[in-house]
Amino acid sequence: MRLTRRTTLALAAGAASGGFAQARGAAPTSPLRLWYRQPAQEWVEALPVGSGRMGAMVFGGVAAERLQLNEDTLWAGGPYDPANPEALKALPEIRALIDAGDYAKATEIADARFMATPKRQMAYQTIGDLKLTFPGLDGQPTDYVRELDLDGAIATTRFKVGGTGYTRQVIGSYPDRVIAVRLSADRGRAITVDLAFDSPLKSKPVSSIEGRDTLVLAGANDTQQGIAAQLRFECRVRVLNKGGTLTAREGVLSVAGADEVVLLIAAATSYRRFDDVGGDPTATNRAVLAQASTKRWQALLATHQADHRAMFRRVSVDFGTTTAALKPTDERIKVSQTTDDPALAALYYQYGRYLLIACSRPGGQAANLQGIWNDQTSPPWGGKYTININTEMNYWPAEPTGLAECVKPLIEMVRDLSVTGARTAKVMYNARGWVTHHNTDLWRASGPIDGAKFGVWPTGGAWLCKHLWDHYDYNRDRAYLADVYPLMRGAALFFLDALVVDPKSGKLVTNPSISPENSHGHGSSLVAGPTMDQAIIRDLFTACIKAAAILGTDADFSAELATARDKLAPYKIGKDGQLQEWQEDWDADATDIHHRHVSHLYGVFPSDQIAVDTTPKLADAAKVSLNTRGDISTGWAIAWRLNLWSRLGDGDRAHKILSLLLGPERTYPNMFDAHPPFQIDGNFGGTSGMTEMILQSRNDQILLLPALPSAWPTGRLTGLRARGAVGVDVTWTRGKLEAAVFTAAADGRHHVRYGGSVIDLDIKKGQRVRLTVRDGQLRRA
């Protein structure tokens with residue numbers, strides 16, 4: 001049953017929703033909420049809030065609440081240089097072995113002499129937990145509801161015990177740089193709570209009381225992989241109680257009989273930069289809490305929500321609504337594979353945007369494998385920046401869904417890597433420019449890690465540079481382009497030195513490299529010139545040439561890049577009609593033909609070198625490759641397939657894959673993406689893929705409803721952004737475009753396509769143009 005928005009809200013307002021232990025309470029009425037009938041028992045059931053720098057996971061307990069805390073610069077180890085001076089001596093031998101086809105021996109030499117030192121990078125770490133214990137709340141709760149309001153960016157827990165109604169609210173405020181908690185009740189003197197820290201760090205952080213109202217946890221990060229712990233960290237909580245009494249004892253602050261309690265949580269480390277750990281976390285936290293403490297809760301909340309909504313409300317989405325939307329979020333996920341619930345997809349879409357706002361803001365670190373949320377000292381894959389797909393996927397939705405500011409931490413990470421990567425380029429390749437491989441960490445390590453089969457892949461930095469160019473292309477800020485062009489130029493310069501001539505084809509290729517992280521079945525994954533490398537370098541050279549032309553600089557360098565670009569190995573179609581992953585036709589020989597990575601399809605998405613309307617034969621070959629790989633994979637890999645099928649114009653296939661992503665095997669109860677385990681990139685990839693179904697900005701054109709699935713016959717997606725600094729609102733009815741509204745942030749000409757109809761729009765900055773369809777053709781309204 002499809003519902004109107006008004007019918008949905010009316011039903012929700014009157015619906016009874018269950019709570020744990022037979023409790024009953026009213027369901028939240030907004031479609032932009034995750035909500036549950038019971039507290040979280042597992043970490044992947046807890047609800048995330050974030051200030052950009054700090055994260056908290058809220059469990060929603062009754063007699064005991066757990067706030068699991070993170071600060072984005074708390075990583076293991078300290079500044080280190082992993083560049084291996086032995087690598088340069090080994091490089092000619094490795095290349096010769098690869099050219100001779102002895103891939104196993106090349107791998108053996110690379111593992112022994114070419115890898116970074118150490119061979120592993122540092123892990124992102126947790127602060128630990130702030131534990132709230134509530135004496136006297138051991139009774140059975142009723143009317144329990146736990147929710148996360150995406151529009152208000154606030155986690156709320158409500159319930160009744162003994163006739164008293166309790167409300168707990170948690171926010172992560174970017175403007176005030178705190179996690180803030182409000183404990184309240186519907187009668188006076190009802191709040192009694194004990195506060196204490198618990199940390200799993202090996203340094204055994206110490207809790208203490210400062211003054212009469214502040215609980216402090218201080219310690220150090222962990223040593224890992226032989227890299228000594230060099231960070232000091234501190235987390236402190238200031239208690240602001242209205243009424244009642246506040247007492248302290250051995251690392252515990254207690255409030256008894258208060259009308260209301262507000263907790264202000266600040267955290268910092270001594271990290272200043274990848275090569276500077278001389279900061280003062282105590283001074284930082286004191287200053288943050290001194291400022292935040294001058295505000296009442298309502299002022300803190302209003303400032304936080306105004307900041308969040310200024311970004312979040314740029315985009316609205318409606319794919320349709322059914323009665324399934326009235327159920328708690330975990331129940332909807334559990335039955336999503338057999339239920340018509342288009343609003344769940346819309347919720348997932350906006351959840352991805354919420355998460356990016358919460359974990360990637362100017363002045364902080366880029367979103368890592370877990371965004372900003374992590375409860376371990378050594379999380380899966382170290383919680384690092386895996387830049388052979390995962391970090392890039394984190395930022396796929398940023399530009400098109402109106403979150404350009406969120407890209408700034410990634411830009412700054414690339415700026416850092418251009419420094420550390422320059423030493424790696426010189427020491428390990430004797431090359432100019434800079435390079436980084438398939439992972440990096442807080443210390444901007446740029447060498448190949450984990451093992452030759454995984455880490456000898458020199459195009460990580462080049463792929464990151466695509467995001468530098470895209471940020472310009474979507475926003476058209478010439479001053480920004482001038483600032484980042486040297487970073488792009490340095491990445492390109494490396495490949496002018498590091499590319500070699502393939503003796504078989506005479507083309508320029510990378511050597512050694514891999515097609516991430518896939519074994520070709522001929523003794524290893526090491527190879528020369530994998531398809532992905534050629535595509536990424538082609539994009540990098542092209543972006544540099546375009547940027548130099550816009551800036552009126554570097555004509556000779558651009559000519560050199562153009563010459564090299566023309567010599568790159570081209571795409572190839574194999575014997576089975578597939579797009580080849582390697583220079584040799586080895587796809588059928590691969591150890592795992594259903595491998596999670598689809599690296600050779602980079603040219604389809606996120607690039608636009610291959611498209612159904614510009615390179616139809618290559619697009620057909622890409623479809624063959626995708627069909628061979630299959631739809632079912634890890635969470636993030638399903639998300640990549642979603643984007644690929646959207647780019648290939650098959651909306652129903654894309655929707656089928658989206659359904660797999662939203663199912664309980666790939667989406668946890670709190671809507672975090674499941675690899676498994678948790679990896680946040682799948683969330684962001686899902687948002688990106690749904691955007692690509694409705695709007696594509698590629699090949700110098702804007703495509704309207706290029707992959708609309710039949711499951712969404714009527715809907716709207718407004719506030720999107722397209723290349724050329726233009727906003728786009730799209731509405732459709734009965735599977736057909738109803739209207740598209742373009743709002744220009746800069747002067748420009750836009751080539752707009754809907755099906756077989758094309759129109760060119762010349763729009764001035766600030767101008768709005770509305771298109772409709774008449775007689776099958778796009779027309780200005």
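Summary table below
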item	result
Angle in degrees between helix 408-429 and the longest Cα principal axis of the chain, rounded to the nearest 10	40
Relative contact order (percent, whole number), the range 537-590, Cα cutoff 8 Å, 6+ residue spacing	24
Whole-angstrom gap from the range 448-501 to the range 620-699, using each part's C-alpha centre	25
Rg/Rg_ref, the chain, where Rg_ref = 2.2 N^0.38 Å and atoms are Cα	0.96
Amide H contacts under 5 Å for ILE154, placed H, 5+ residues apart	ASP149
Computed log₁₀ I(q)/I(0) - Debye formula, equal Cα scatterers, no solvent, the range 263-310, q 0.30 Å⁻¹	-1.02
Cα centre as origin, Lys/Arg/Asp/Glu Cβ charges: the range 537-657 dipole, Debye	280
Reciprocal of mean inverse Cα separation for the range 644-771 (Kirkwood radius, Å)	15.6
Accessible carbon and sulfur surface of the range 591-688 relative to its total accessible area, %, 1.4 Å	56
Simple label model, 7 Å out from Cα along Cβ direction - ALA781 to ILE550, nm	3.0
Euclidean distance of C-alpha centroids, the range 50-73 and the range 357-406, integer Å	17
Surface accessible to a 1.4 Å probe, ASP566 within the full protein complex, Å²	110
Calculated from backbone phi, Karplus (6.51, -1.76, 1.60) coupling profile of the range 727-737 in Hz, x at Gly/Pro	x, 9, 10, 10, 10, 9, 9, 6, x, 10, 4
Magnitude of the charge dipole, the range 193-263, Cβ model with Lys/Arg +1 and Asp/Glu -1, debye to 20	200
Amide proton proximity set for ILE680, modelled H, under 5 Å, gap of 5+	GLN370, GLY371
ASN627-ASN699 FRET efficiency (beta carbon distance; Förster radius 25 Å; 0.05 resolution)	0.60
Length-normalised contact order of the chain in % [C-alpha pairs under 8 Å, at least 6 apart]	12
Area accessible to solvent at LEU704, 1.4 Å probe radius, in Å²	0
Label-to-label distance, nm, for residues given as ARG415 and SER293 (7 Å Cα→Cβ offset)	3.3
Over the chain: helical MRE at 222 nm, DSSP H runs n ≥ 4 each giving -39500 (n - 2.57), nearest 500	-10000 deg cm²/dmol
log₁₀ of I(q)/I(0) at q = 0.16 Å⁻¹ - the range 538-589, Debye sum with one point per alpha carbon	-0.58
Positive-pole candidate from GLY651, PRO664, GLN578, dipole of the range 565-691, charges at beta carbon	GLY651
For the range 488-562, average projected area of the Cα convex hull in nm²	5.4
Equivalent-ellipsoid semi-axes of the range 296-441, from the Cα gyration tensor, Å, largest first	35, 20, 15
Principal semi-axes in Å for the range 680-720 [√(5λ), Cα gyration tensor, largest first]	17, 15, 9
Accessible carbon and sulfur surface of the range 74-127 relative to its total accessible area, %, 1.4 Å	54
Derived scalar couplings ³J(HN,Hα) [the range 629-642; Karplus, 6.51 cos²θ - 1.76 cosθ + 1.60; whole Hz; x for Gly, Pro]	4, x, 8, 8, 7, 5, x, 5, 5, 4, 4, 5, 4, 4
Degrees separating the helix 103-113 axis from the principal Cα axis of the chain, which is the longest one	60
For the range 397-493, diffusion coefficient by Stokes-Einstein and Kirkwood Rh (Cα), 37 °C, 0.692 mPa s, µm²/s	238
The range 604-703, relative contact order in percent, only Cα pairs under 8 angstrom and at least six apart counted	27
Fraction of the pair-distance distribution of the range 218-331 above 16 Å, Cα-Cα pairs, percent	76
Bins of 10 Å from zero: percent of alpha-carbon pairs in the range 607-678	21, 47, 24, 8, 0
Vicinal HN-Hα couplings computed from phi for the range 381-390 (Karplus, 6.51 cos²θ - 1.76 cosθ + 1.60; Hz; Gly/Pro x)	6, x, x, 7, 9, 8, 9, 9, 4, 5
Positive-end residue of TRP43, PRO380, TYR354, charge dipole of the chain with Cβ unit charges	TYR354
Mean accessible surface per residue for the chain, computed with a 1.4 Å probe while every protein chain stays in place, in Å²	34
Compactness index (Cα Rg / 2.2 N^0.38 Å), the range 90-195	2.16
Size of electric dipole in the chain: Cβ of Lys, Arg +1 and of Asp, Glu -1, about Cα centre, debye, nearest 20	2060
Those lysines that a straight Cα-Cα span of less than 27 Å connects to LYS202, excepting residues fewer than 8 apart in one chain	LYS119, LYS131, LYS384
Stretchable slack from ARG768 to ALA482, in nm (0.36 nm times residue separation minus alpha-carbon distance)	100.1 nm
Helix 342-359 axis, angle to the chain major axis (alpha carbon atoms, nearest 10°)	90
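The values are calculated or read from the model by the stated rules, or taken from the named source; none is laboratory data. Small disclaimer: the values here were computed from a predicted structure and weren't measured. So basically every Cβ, Gly included, is an ideal-geometry build from the backbone, and we count neighbours across all protein chains shown. Heavy atoms of the whole protein, side chains included, go into the accessibility calculation; ligands, DNA and RNA do not. Shrake-Rupley method; radii C 1.70, N 1.55, O 1.52, S 1.80 Å.
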